[in-house]
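Below: the structure, in structure tokens.
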Amino acid sequence: MFLGPSESAILQLEDPDCEEGSNPPCESIFSLNAEKILNQAKLFVEQRRFPFAVENQNTNEELAIGYVLIGNGLYDEAIKHFSLLLQGDPELVSAIYGRGIAYGKKSLQEAIEVFKEALKLKSDFIDAYKSLGQAYRELGDFENAMESFQKALLLDQNHIQSLQLRGMMLYHHGSLQEAIGNFKVNQVCVCPKWCCVYLFVAKISVPLSQCPLAYNPRALQEVKQALENVNKVEDLLPIMKQFNSKTRDGFTVNSKVPSLKDPGKEYDGFTITITGDRVGNMLFSVETQTTDERTQQYQSEIEALYKDLTAKGKTLMLSTELGDADAVCNLILSLVYYFCNLMPLSRGSSVVAYSVVMGALMASGKEVLGRIPSGKLFDFEAMTTVSPDRFSKTVKSWMNLKSLPSWYQNLPSVSETFQLTRTMIEVLNTDSSSHCPKKS
């Protein structure tokens with residue numbers, strides 16, 4: 001039997017800011033979700049979806065609750081829950097590891113110490129080595145990450161997530177041949193019978209022909225049907241597992257970016273890795289290879305577009321043709337397409353890029369009246385669109401471009417109004433929300 005609400009440690013957690021006798025009365029933070037948590041935990045126990053179950057069924061149930069909390073994003077509560085379990089048994093490895101996973105969502109350095117603690121008690125704990133390596137990887141500690149992945153692979157040379165993470169790390173550090181070795185072992189996109197990777201590539205608007213291996217049309221149709229109802233990334237991994245046992249833990253897809261300067265030529269785009277674990281957590285990473293050669297390729301593309309944009313801009317100043325304005329708009333958006341594909345941007349950098357686009361369009365006589373649709377990211381739209389032309393078409397549909405009103409011509413120039421860098425920064429940091437139109 002599962003522990004009742006009065007017996008389970010997790011169901012006794014209350015809001016620390018709530019005072020006894022207050023109105024409304026204090027409630028457990030899980031009072032509305034207790035049944036859901038217990039049902040999920042019961043399933044976790046039945047399916048052994050957490051490491052190192054013990055003989056005591058009550059302990060297994062409490063361990064499962066902790067991992068369910070992680071799966072529901074309740075990391076602070078999971079840490080508290082595992083800590084309570086460890087007060088009763090300080091060497092409960094599964095609780096230590098679970099606490100490390102929860103810490104990994106908040107503090108990588110604390111997670112590292114907890115994973116090390118688990119490995120002291122269980123030196124052949126493959127997932128702990130993998131998680132330790134991932135924590136080091138996210139901190140940029142290449143050597144310690146490599147050492148941890150290597151230890152995991154010494155215990156299981158075919159451990160999928162360790163191979164993927166190590167391969168990605170090598171790839172982004174420019175060790176291409178070593179990375180290829182990892183991905184070959186990982187068998188990413190190698191089985192002609194299964195087409196899930198092809199379909200995922202198609203979902204992100206990348207041509208199927210990029211994966212050079214032949215595919216089975218019948219299997220392709222089966223996967224297409226399975227993907228009809230896929231609306232989010234989380235739904236892709238179960239489909240991969242359904243159609244291909246070789247990708248039981250995850251898969252990797254690489255994109256290509258077409259050149260406008262040299263038609264027919266393609267550049268390395270970005271790499272998507274999706275992996276899952278027994279707890280139900282999913283790792284979705286978008287990364288690019290940072291090499292001098294790749295950077296120069298994108299730089300040459302951007303320089304060619306900028307040169308063309310400068311020439312077209314001068315022509316536009318002397319022209320009244322609508323086609324010239326549209327051509328300038330396409331060049332502006334094509335330029336930012338390559339900028340976004342050069343490397344993943346932070347949210348701040350993405351906002352700056354979009355602001356520059358709006359300023360450039362304003363300089364060409366166009367005003368942006370539309371909004372970016374909910375659920376869309378400007379930079380990610382560029383990264384997942386097959387060509388700059390298609391990207392331009394999509395983004396223009398968001399922008400709702402209109403000609404600038406005549407009074408814009410009377411505005412003073414920025415350089416005259418804000419002559420110092422300091423004054424520009426001060427203006428950019430001004431809260432202008434009161435002057436912005438309210439959302440309808």
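Condition check ((1) aromatic (Phe, Trp, Tyr); (2) at pLDDT 90 or above; (3) out of contact with any Leu (no Cβ under 8 Å at 6 or more places or on another chain); (4) not in a helix (DSSP H, G or I)) across all residues:
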| position | (1), (2), (3), (4) |
| --- | --- |
| 87 | no, yes, yes, no |
| 90 | no, yes, yes, yes |
| 100 | no, yes, yes, no |
| 112 | no, yes, no, no |
| 137 | no, no, no, no |
Output the residue which, of all residues in region 381-401 that are in contact with a strand residue (DSSP E or B) (Cβ under 8 Å, 6 or more places away or on another chain) and of a type in the set (A, V, I, L, M, F, W, C), is nearest to residue 287 (Cα to Cα). 383
Identify, please: which residue in region 346-378 is at pLDDT below 85 and more than 25 Å from residue 308 (Cα to Cα) and is, among those, surrounded by the fewest Cβ atoms within 10 Å (Cβ to Cβ)? 375
Restricting the first residue to region 388-403 and requiring it to be farther than 19 Å from residue 362 by Cβ, which pairs with a second residue that is part of a helix (DSSP H, G or I) and modelled with pLDDT under 90 meet a Cβ separation below 7 Å and a spacing of at least six or different chains? 391/381; 391/382; 394/381
So residue 83 clears everything in (1) surrounded by fewer than 16 Cβ atoms within 10 Å (Cβ to Cβ); (2) modelled with pLDDT under 90; (3) among the polar types (S, T, N, Q) except one condition, right? Which one? (2)
I'm told residue 66 meets every condition in (1) buried (at least 16 other Cβ atoms within 10 Å of the Cβ); (2) under 27 Å from the mean Cα position of the chain (by Cα); (3) part of a loop (DSSP other than H, G, I, E, B); (4) of a type in the set (Gly, Ala, Ser) except one. Can you identify the failing condition by its number? (3)
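Among the residues that make up region 42-49, is at least one of them part of a loop (DSSP other than H, G, I, E, B) and at pLDDT below 80?
There is at least one residue in region 42-49 that is part of a loop (DSSP other than H, G, I, E, B) and at pLDDT below 80.
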Index of the failed condition, residue 412 passing every other in (1) farther than 29 Å from residue 261 by Cα; (2) touching a residue at least 40 places away in the same chain (Cβ under 8 Å); (3) not aromatic (Phe, Trp, Tyr): (2)
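The values are calculated or read from the model by the stated rules, or taken from the named source; none is laboratory data. Just so it is clear, the model here is predicted, and its values are computed rather than measured. Neighbour counts are summed over all protein chains in view; Cβ atoms, including those assigned to glycine, are modelled from backbone coordinates with ideal geometry.
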